[in-house]
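Notes for the one structure printed next.
The values are calculated or read from the model by the stated rules, or taken from the named source; none is laboratory data. Owing to the predicted nature of the structure, the values given are computational and were not obtained by experimental measurement. Methodologically, a virtual Cβ is constructed for each residue, glycine included, from the backbone with ideal geometry; neighbour enumeration extends over all protein chains shown.
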Amino acid sequence: MSAPAQTTAPIDGAALLDEVEAFHRRFNVFPQEAAYVAVTLWDAHAHLLDCFDSTPRLAFLSPEPGSGKSRALEIVETLVPRPMVAVNASAAALFRAVSGPEGRPTILFDEIDTVFGPKAGDNEELRGFLNAGHRRTGVTYRCVGDGGNQTVQAFPSYTAVAVAGLGSLPDTILTRSVIIRMRRRARNEAVEPFRARIHEKEGNTLRDRLAQWAEQAKGVVMGAWPEMPDGVSDRPADVWEGLLSIADAAGGDWPSRARKACVALVEASRATDKGSLGIRLLTDLRDHVLIGIDRLPTVAILDRLNALDDAPWADLNGKPLDNRRLSKMLSEYMTGDNEPIGSRNIRTAGGVLKGFFASDLDDAWARYCPPPKGATSATPLHPRSEPLNL
């Protein structure tokens, strides 16, 4: 009679995530509690990629060196499957690694500012790889072969990616990322020194247990459609859907902690996101220039925009915003009548001047701009007074 097959005892997912979080806390000081929750869930999600339609990028960013970004990436490296540390790796090397016979790696890209920073110039090939690999169906097309015998081949790009760097990232990557904005440790914030020869083994033990739990949980996670917190939709929902699925599968207090972390980090990213230059222009016109005014000459609009503190208008590539560029930027948006926003005649005490009417911008404000701070559903987006007498 054959011996009965041995079965692996179920792993308590919530307790395991608690241990992973505690491991991070030994070596990392994150800027807020939500970051520990998000990073822990991201570690686990790297073991469950095939359960999701997309994978969020994990971005450790800071304005200054010495803020713990690289150490955070080191700890993640011990916890994820098949880590591939990349510094200045080419897009060709990365997409070949993802489609290679050894299995899909988890890419950890340190010093990402050397690729996308102001001194690096644009790197559209790598940006394209990171964008395409966000979704399960993402591929990178390349010509293979010699001379006239070349054929187009699709290389899979879907893989988990964590990055660390100074400054920021291209908007197309930021919007696909869980963003952790690191800062230097204060004098009263102590961490345990990370010793690779000792602590890598501890992290790898947790990694192997995460892999075992992932095998047990993938049936639940695969078909999950987690309930999103109020106000989280579109791209942020894509970023957080898989992480919330993992929290729900783990149980304990992780579902509630994950949703609180989701709201906190999504709101933080919105607070620092100025959007495109066009959206910034629309928002500044609404919030700082045309408040309570139904029309204003172009010359007055430019004076007010260029006088704004913490705004780019006084120095756009060494020159202040002028009427030609203002008109061109606004003409890319439409009025409620589906006409390009353009200047119109405004009668003033000194004669007729060209300017813009707030009513022409209403539709663009509603479609593109974030709600004004403190606005509620009952608050008009742009209350106006009588026309300004000029």
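A few notes on this one:
- Residues in the range 157-186 that are free of Cβ contacts under 8 Å to residues at least 60 places away in the same chain and either part of a strand (DSSP E or B) or not assigned by TED's automatic domain parsing to the domain that holds PRO105 (or both): 0 in all.
- Breaking point among (1) more than 12 Å from THR106 (Cβ to Cβ); (2) of a type in the set (A, V, I, L, M); (3) surrounded by fewer than 23 Cβ atoms within 10 Å (Cβ to Cβ); (4) touching a residue at least 60 places away in the same chain (Cβ under 8 Å), for ALA38: (3)
- In the range 337-370, the residues that are modelled with pLDDT of 90 or more, outside any helix (DSSP H, G or I) and small (Gly, Ala, Ser): GLY342, SER343, GLY355
- Complete set of residues in the range 278-322 that are in a loop (DSSP other than H, G, I, E, B) and closer than 24 Å to ALA349 by Cβ: LEU290, ILE291, ILE293, ASP294, ALA307
Each row is one residue, and each column tells you yes or no for (1) closer than 17 Å to LEU79 by Cα; (2) in a loop (DSSP other than H, G, I, E, B); (3) not β-branched (Val, Ile, Thr).
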| site | (1), (2), (3) |
| --- | --- |
| PRO193 | no, yes, yes |
| ARG197 | yes, no, yes |
| GLY203 | yes, no, yes |
| ARG209 | yes, no, yes |
| GLY219 | no, no, yes |
| LEU243 | yes, no, yes |
| ALA264 | no, no, yes |
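- Lone unmet requirement of (1) modelled with pLDDT of 90 or more; (2) within 26 Å of ARG235 (Cβ to Cβ); (3) in a helix (DSSP H, G or I) for PHE95: (1)
Every residue, every condition in (1) at pLDDT below 80; (2) touching a strand residue (DSSP E or B) at 6+ places or on another chain (Cβ under 9 Å), yes or no:
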residue	(1), (2)
ASN123	yes, no
ARG142	yes, yes
THR151	yes, yes
THR175	no, no
ILE198	no, no
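- Test: ASP238 is within 20 Å of the chain's Cα centre (by Cα) and within 20 Å of VAL178 (Cα to Cα): yes
- Close contacts from the range 225-248, counting a first residue that is more than 16 Å from SER269 (Cβ to Cβ) and among the polar types (S, T, N, Q) and a second that is surrounded by fewer than 23 Cβ atoms within 10 Å (Cβ to Cβ) and modelled with pLDDT under 90, with Cβ to Cβ under 9 Å and a gap of 6+ residues or different chains, come to SER245/ALA224.
- In the set PHE27, PHE52, only one residue is more than 21 Å from the chain's Cα centre (by Cα), among the aromatic types (Phe, Trp, Tyr), over 20 Å from SER168 (Cα atoms) and modelled with pLDDT of 90 or more; that residue is PHE27.
- Selection count where residues are in contact with a Leu (Cβ under 8 Å, 6 or more places away or on another chain) and under 22 Å from ARG127 (Cα atoms), scope the range 78-88: 4
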